[in-house]
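Please treat every number below as a calculation from the coordinates, not as lab data. A quick note: this is a predicted structure, and the numbers were derived from the prediction, not measured. Glycine gets a Cβ as well: all are built from the backbone with ideal geometry, and neighbour counts include every protein chain shown.
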Amino acid sequence: MAEALKQQTIKVEGMTCAHCEMAVEKAVKQLANVKSAKAHAKDGKVEIDYSGELDLSAIKAKVVEAGYLVL
């Protein structure tokens, strides 16, 4: 039986457009156990669907590496 997906929302500052959203999504999707990521520039957040464990420090590092601030 497949493990149910869990969701985590991270506050991100600095996204202003669709390109910013794509950059954050691409960065987060590179990490282990992340199944999908949807960034929302207007709301300043990224919603992450994952299975297993999620390494929040790795997510924050990837978002910062992409040029945005994690709140």
query = Going by alpha carbons, how many degrees (0 to 90, nearest 10) lie between the helix axis of 18-29 and the longest principal axis of the chain?
reply = 30 degrees
query = Once label points are set 7 Å from the Cα along Cα→Cβ at both K29 and E3, what is their separation, rounded to one decimal in nm?
reply = 2.1 nm
task = Mind checking the full-extension length gain between L56 and C17? Use 0.36 nm per residue of separation minus the Cα-Cα distance, one decimal, nm.
result = 11.6 nm
inquiry  = Let me check against my output: what whole-number percent is the relative contact order of the chain, with C-alpha pairs under 8 Å and at least 6 apart?
reply    = 41 percent
remark   = Rounded to whole angstroms and listed largest first, the alpha-carbon spread of the chain along its three principal axes comes to 40, 20, 18
note = From DSSP H assignment alone, runs of 4+ in the chain each adding -39500 (n - 2.57), the sum over residues rounded to the nearest 500 puts [θ] at 222 nm at -9500 deg cm²/dmol
Tilt relative to the chain, helix 56-65 - C-alpha long axis, 0 to 90 degrees, to 10 = 30 degrees
